[in-house]
Amino acid sequence: MDARPTAAEAKQSLNSHVEDKGRELHAKYGPKIGWRELQQVLLDRTLVRYPCEVEFTAEGLQDGEFAYPHQKGQVPEDGFVIRVHPLFMTQLASVPHLVLYQLVAVNYGDFASSDDAETYGAAALGLDKDAYYAIVNDLADQLADCGCE
């Protein structure tokens, strides 16, 4: 009998893990995660596996993409720049929603899915997953509404 988990079991395990890590972040830095708290989170190696910084730039973003974790060097240990669309530079209270979504990719790479990102962001912000999804969706819609995709 093969004791290795199935793909579905592995996905569920990762999703449970990211939810636990999101709750840990919320307990440590919440209840409200704003710009200042986000900066502290990015320095916390127990929650963010590799060095990260936020940069407001559209460089490297796809059309309609609000943020992207750009790896600085050849290996993840070199760190990441989370590029956030400049539209959000004047909405710092919303930036944690966008950056937390990207941290799953920083921490887990290609293994993480959009569902994992939603689970993590919601848990980190102390929100229901549907509420978090709606907020992120509304923020992403601003790119289309301003014609700045």
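Restricting K11, K21, K32 to residues that are within 24 Å of N137 (Cα to Cα) and in a loop (DSSP other than H, G, I, E, B) narrows the list to K32. Summed over segment 40-81, residues that are small (G, A, S), on the phi < 0 side of the Ramachandran plot, in contact (Cβ under 8 Å) with a residue 12 or more places away in the chain and in a loop (DSSP other than H, G, I, E, B) total 1.
Residue-wise test of (1) aliphatic (A, V, I, L, M); (2) touching a His at 6+ places or on another chain (Cβ under 8 Å); (3) more than 15 Å from K32 (Cα to Cα).
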{"residue": "H85", "(1), (2), (3)": "no, no, yes"}
{"residue": "V104", "(1), (2), (3)": "yes, no, yes"}
{"residue": "F111", "(1), (2), (3)": "no, no, yes"}
{"residue": "D116", "(1), (2), (3)": "no, no, yes"}
{"residue": "L143", "(1), (2), (3)": "yes, yes, yes"}
{"residue": "C146", "(1), (2), (3)": "no, no, yes"}
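Scanning segment 38-61 for residues that are closer than 20 Å to K28 by Cα and of a type outside the set (A, V, I, L, M) gives Q39, Q40, D44, R45, T46, R49, Y50, P51, C52, E53. For A27, the requirement of being without any contact (Cβ under 8 Å) to a residue 12 or more places away in the chain, in a helix (DSSP H, G or I) and more than 13 Å from V104 (Cα to Cα) is met.
Is one or more of the residues making up segment 66-81 within 22 Å of G22 (Cβ to Cβ) and in contact with a Cys (Cβ under 6 Å, 6 or more places away or on another chain)? The answer is yes, given that some residue of segment 66-81 is within 22 Å of G22 (Cβ to Cβ) and in contact with a Cys (Cβ under 6 Å, 6 or more places away or on another chain).
Screening A7, A105 for residues that are modelled with pLDDT under 95 and among the hydrophobic types (A, V, I, L, M, F, W, C) leaves exactly one candidate, A7. Is it true that L92 is within 12 Å of the chain's Cα centre (by Cα) and not aromatic (F, W, Y)? When the stated conditions are applied, L92 does not pass them.
The values are calculated or read from the model by the stated rules, or taken from the named source; none is laboratory data. Nothing here was measured: the structure is a model prediction, and the numbers come from that model. So basically every Cβ, Gly included, is an ideal-geometry build from the backbone, and we count neighbours across all protein chains shown.
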